[in-house]
Amino acid sequence: MDTSYVYGLIGYPLSHSFSQRYFTEKFAGEGLCRHTYCNFPVENISRLEEVLQQHPDLAGFNVTIPYKEQIIPYLDELDEIASKIGAVNTVRILRQAGGVRLQGFNTDAYGFKTSLEEWYASRESGFPKYAFILGTGGASKAVEFVLRQLSVTPHFVSRKVAEGVYKTYGELNHRDFATHLLVVNTSPLGMYPHADTCPDIPYDCLNERHFLYDLVYNPEETLFMRRGKERGAAVHNGERMLRLQADKAWEIWTMGS
């Protein structure tokens, strides 16, 4: 009998995620009838071992909010990019005679970099010198890594004063936005079912020179994007990044197969 392969997504909550639908459609389209993709909504990352024990055919999984950093101590090894970023969104499971080995990767960086380069190329605009990153979670680390690769200096913005935070939302002003022409939302604000929320930046500081990239992809147009468009800014959601990082995760899971 052919081997069955199970993949999945670990995070909490998971009502916002398109990953299960994306991979289910991918498996159907490629005739992979013995492949399935499951959601594993765990309220604490310590339950990872329980998931592994209950699903001995689990071959790999994605990691989403809020565990992209918390999962690292549970892994046996990290690839170079995940190690530099300090966050993981893809895990490959190797089942060997001596037990299970978990390898951590970060495909968010690939997805964000590729989609950002495509977007700027389509707008025929060069990258700005400075960018704001809204939020300081695991996804923000991949964004910071990519921006530095592209010679864009990132500055973190958060609700609270903390080490590494440039300013809080309430401290931003017109002078800041005169130099920071790219604004990337890495926070979950605006994500379904809380589509009526958005980062509390001064939107009246925005104009047609600004690019607003929202990692949120559900809804298709977030309040952050809509308020930016009202000021003339170009806007982009996270769906293209999602698809790119998912396809890269699939490459990792099937390495050597």
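None of the figures in this text is laboratory data; all of them are computed from the coordinates on show. Values in this document were obtained by computation on a predicted structure and should not be read as measured data. For neighbour counting, all protein chains shown are included, and Cβ atoms are generated from backbone atoms with ideal geometry for every residue, glycine included.
General observations
- Note on the stretch 113-159 and the stretch 161-182: Cα centroid distance 14 Å, given to the nearest whole angstrom.
- Cα centroid of the stretch 1-42 to Cα centroid of the stretch 228-248, whole Å: 23 Å
- Taking a ≥ b ≥ c as the square roots of the eigenvalues of the Cα gyration tensor, the stretch 109-241 is rounded, since a/c falls below 1.5.
- P(r) tail for the stretch 163-243: Cα pairs beyond 21 Å make up 24% of the total.
- Listed residue (T36, V100, F224) projecting farthest to the positive dipole end of the chain, Cβ model: F224
- Rounded to whole Hz, the Karplus (6.51, -1.76, 1.60) HN-Hα couplings of the stretch 140-151, x for glycine and proline: 5, 5, 5, 5, 4, 4, 5, 4, 5, 4, 8, 6
- Semi-axes of the equivalent ellipsoid for the chain, Cα gyration tensor, largest first, Å: 34, 18, 17
- Each pair of Cα atoms in the stretch 2-80 enters the Kirkwood radius, and Stokes-Einstein at 25 °C and 0.890 mPa s then converts it into a translational diffusion coefficient of 183 µm²/s.
- Here the dipole of the stretch 109-241 is about 300 debye; that uses its Cα centre as origin and unit charges on the Cβ of Lys and Arg (positive) and Asp and Glu (negative).
- All lysines inside 20 Å of K68 as judged from Cα atoms, apart from same-chain residues fewer than 8 positions distant: K84, K113, K141, K248
- Farthest towards the positive end of the charge dipole of the stretch 115-237, among the residues Y213, G164, S187, is the Cα of G164, using unit charges on the Cβ of Lys, Arg, Asp and Glu.
- Relative contact order (percent, whole number), the chain, Cα cutoff 8 Å, 6+ residue spacing: 15 percent
- Around the amide H of G8, modelled in the peptide plane, lie the amide H atoms of C38, G60, F61, N62, all under 5 Å away and 5 or more residues distant in sequence or on another chain.
- Measuring nothing but how far apart in sequence close Cα pairs (under 8 Å, 6+ apart) lie, relative to its length, the stretch 109-241 scores a relative contact order of 21 percent.
- Backbone amide hydrogens, once placed in the peptide plane, bring F156 within less than 5 Å of I133, Y166, excluding anything fewer than 5 places away on its chain.
- Estimated from helices alone, the mean residue ellipticity of the chain at 222 nm is -9500 deg cm²/dmol (sum of -39500 (n - 2.57) over DSSP H runs with n ≥ 4, per residue).
- Dipole of the chain, positive end: most advanced residue of Y5, L75, L242 [Cβ charges, Cα centre]: L242
- Size of electric dipole in the chain: Cβ of Lys, Arg +1 and of Asp, Glu -1, about Cα centre, debye, nearest 20: 360 debye
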